[in-house]
Amino acid sequence: MASKASFDVTTGADLQEVDNAVNNAMKEVRQRYDFKGTKCVIEFDRKLATIKMDADDEFKMKALYDVLQTKLVQRKIPIKNMHAGEIEAAGGGRVRRVATLTQAIPEDTARTIVKAVKAQGFKKVQVAIQGGELRVTAPSKDTAQEVIAFLREEDFGIELKYGNFRS
């Protein structure tokens, strides 16, 4: 009996690392000269996986967002999974921005990944959507590794992680 290989395709960020990155960004904001005397704030909501930024003006907001992105990259958090909203006006000339972290593969992106794998023509490879992740089943380890290599080359707009490899 031939053995089948399978693995899971997921996405998401380690929320503790995001929290650490936000704390480091706020620490840098408090120390930087160009932020002296301002009321710039970055807040992380773990339950909603959102980062709220509040700044004095658009220029400060852009600088605040750059500091946040730098700290996220240093902590190896995928920037592709962060979707920043538009800069909105708040009271008193201040501005606000909310960034949302993608913690699961969206349904439409999952369908796109399934279609791409099927269009590639891998023999006997099955892809199943299971909530916010995908389960890929292949007839051999080599075929499963070919599918992983193919998915790494493609850009689906989010950072993909591969795990739970079984054979």
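Restricting attention to the range 134-155, which residues are open to solvent by less than 70 Å² (accessible area, probe 1.4 Å) and part of a loop (DSSP other than H, G, I, E, B)? Answer for the range 134-155, where residues must be open to solvent by less than 70 Å² (accessible area, probe 1.4 Å) and part of a loop (DSSP other than H, G, I, E, B): P139, S140. The C-beta contact set for the range 42-56 (first residue modelled with pLDDT of 95 or more, second residue among the polar types (S, T, N, Q) and in a loop (DSSP other than H, G, I, E, B), distance under 9 angstrom, 6+ apart or interchain) is empty. Listed by position, the strands (runs of 3 or more DSSP E) inside the range 1-79 whose residues that are open to solvent by 40 Å² or more (accessible area, probe 1.4 Å) number at least 3 are 41-45.
For the range 80-103, a residue qualifies if it is over 15 Å from the mean Cα position of the chain (by Cα), touching a residue at least 40 places away in the same chain (Cβ under 8 Å) and assigned to a loop (DSSP other than H, G, I, E, B), and exactly one does: R94. Only residues that are in contact with a strand residue (DSSP E or B) (Cβ under 7 Å, 6 or more places away or on another chain) and farther than 26 Å from F156 by Cβ were counted in the range 46-91, giving 12. The conditions of being over 25 Å from Q69 (Cβ atoms), open to solvent by less than 50 Å² (accessible area, probe 1.4 Å) and among the aliphatic types (A, V, I, L, M) are not met by V95. Among the listed residues K62, K71, K76, which satisfies the condition of being charged (D, E, K, R) and under 27 Å from D8 (Cα atoms)? It is K76. Any residue at all in the range 104-115 that's within 15 Å of the chain's Cα centre (by Cα), among the small types (G, A, S), over 15 Å from A13 (Cα atoms) and modelled with pLDDT of 90 or more? Yes, that holds for at least one residue.
The values are calculated or read from the model by the stated rules, or taken from the named source; none is laboratory data. All of these numbers come straight from a predicted model, not from anything done at the bench. Counting neighbours? That spans all protein chains shown, and the Cβs are built from the backbone with ideal geometry, glycine included. With ligands, DNA and RNA removed, areas are computed over all heavy atoms of the protein, side chains included. Shrake-Rupley method; radii C 1.70, N 1.55, O 1.52, S 1.80 Å.
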